[in-house]
Every structure is written in C-alpha cells, then in structure tokens.
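The block underneath contains the structure these notes are about, expressed in structure tokens.
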Amino acid sequence: MNEFLAGIIPLDSIDLDGNSKCDALTDDLLLVRAIFGLDDDILMSEAIATDAIYKSSEKIESGIVILCDLADIDGNGDIQALSDGLLTLRCLFSLQGDVIIDGVASNNAIRTTAQQIEAHVNTLMLRCN
C-alpha cells in the first residue's frame, strides 16, 4: 500500500489501478485489453474502479509493462488474453479446482494444474486486500 501512495507500482501485483483490490472486472479487464493491444481511452473505458489511484492510461500501461512476465500465468513464455487473461479472470472470480483450467491451458504450459495456476495468481494478489 505504501508503494501505491508513493506513486510506485509494485512489481508483483495484479492490482493495476492501485486501489489495493484485485478485481476481475477492473484489473484483469485492463490486462486483457492491453494484451489484445488496446490502449489509451479504449483500454480505460469503464474498466477503472471508482476508488482507483491510477486513472491514466500511461500509469496503467506502465503497470502492465512492469508486471510483464508474471502475467504469463501458465508459464509457456507467451502472454495471451485467451489463456493467461482467462486463467486470471477465473481466479479473481474465486473459482476453484479444475474449472479454472478447463479448456484454457495451452499445450506448452509449464503450470498445468489448477493448483499451480491458483498459486501463481495468488502471488500476484498478495498486495490486495
């Protein structure tokens, strides 16, 4: 939290808008949109929490760049919206077990079980309340 107050985006948090919450419909939506190559107003449109600290596309995009390799949820070396973004989304919606990975994990994934995926996403959520 102190990092956010000082204007520093933590290197290991999925909380991209800086409100100390990891939300599927804000933080993960921002991540998925960025992975799809969206930026500026399209990236931000209706995806920022009302209590967000970071409200500019530059700050959000900076957080995504910093998060970088950690956003590769399945560990295959490639960050993809329809695998990594969806895996994160399912975890942020508090889904558990095999429903997290059903139809999502890529063939060359390193993290292939629901437990491995949950553990990785949980490390990105440590700074969230």
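The values are calculated or read from the model by the stated rules, or taken from the named source; none is laboratory data. Predicted model only: the values in this text are computed from it and were never measured. A quick note on method: Cβ atoms are made from the backbone with ideal geometry, for glycine too, and the neighbour counts reach across all protein chains shown.
Within the range 82-91, the presence of a residue that is more than 18 Å from Thr26 (Cα to Cα) and not hydroxyl-bearing (Ser, Thr, Tyr) is excluded.
Looking only at the range 71-129, which residues are over 13 Å from the mean Cα position of the chain (by Cα) and polar (S, T, N, Q)?
Of everything in the range 71-129, those that are over 13 Å from the mean Cα position of the chain (by Cα) and polar (S, T, N, Q) turn out to be Asn76, Ser94, Gln96, Ser106, Asn107, Asn108, Thr112, Thr113, Gln115, Gln116, Asn129.
Criterion first (more than 18 Å from Asp23 (Cβ to Cβ) and touching a Cys at 6+ places or on another chain (Cβ under 9 Å)) does Ile79 satisfy it? Judged against the criteria, Ile79 is a match. Taken over the range 92-129, the criterion of being among the polar types (S, T, N, Q) and over 19 Å from Leu29 (Cα atoms) is satisfied by Gln96, Ser106, Asn107, Asn108, Thr112, Thr113, Gln115, Gln116. Determine whether Asp17 is in a loop (DSSP other than H, G, I, E, B), under 20 Å from Thr123 (Cβ atoms) and at pLDDT below 90. Considered against the rule, which asks whether it is in a loop (DSSP other than H, G, I, E, B), under 20 Å from Thr123 (Cβ atoms) and at pLDDT below 90, Asp17 comes out as no.
Within the range 32-54, the set of residues being free of Cβ contacts under 8 Å to residues at least 12 places away in the same chain and either part of a helix (DSSP H, G or I) or not assigned by TED's automatic domain parsing to the domain that holds Asn19 (or both) comprises just one member, Ile42. Scanning the range 81-92 turns up at least one residue that is modelled with pLDDT of 90 or more, assigned by TED's automatic domain parsing to the domain that holds Arg111 and of a type in the set (Lys, Arg). Listed by position, the helices (runs of 4 or more DSSP H) inside the range 55-129 whose residues that are touching a residue at least 24 places away in the same chain (Cβ under 8 Å) and under 23 Å from Asp39 (Cα atoms) number at least 3 are 57-67, 86-92.
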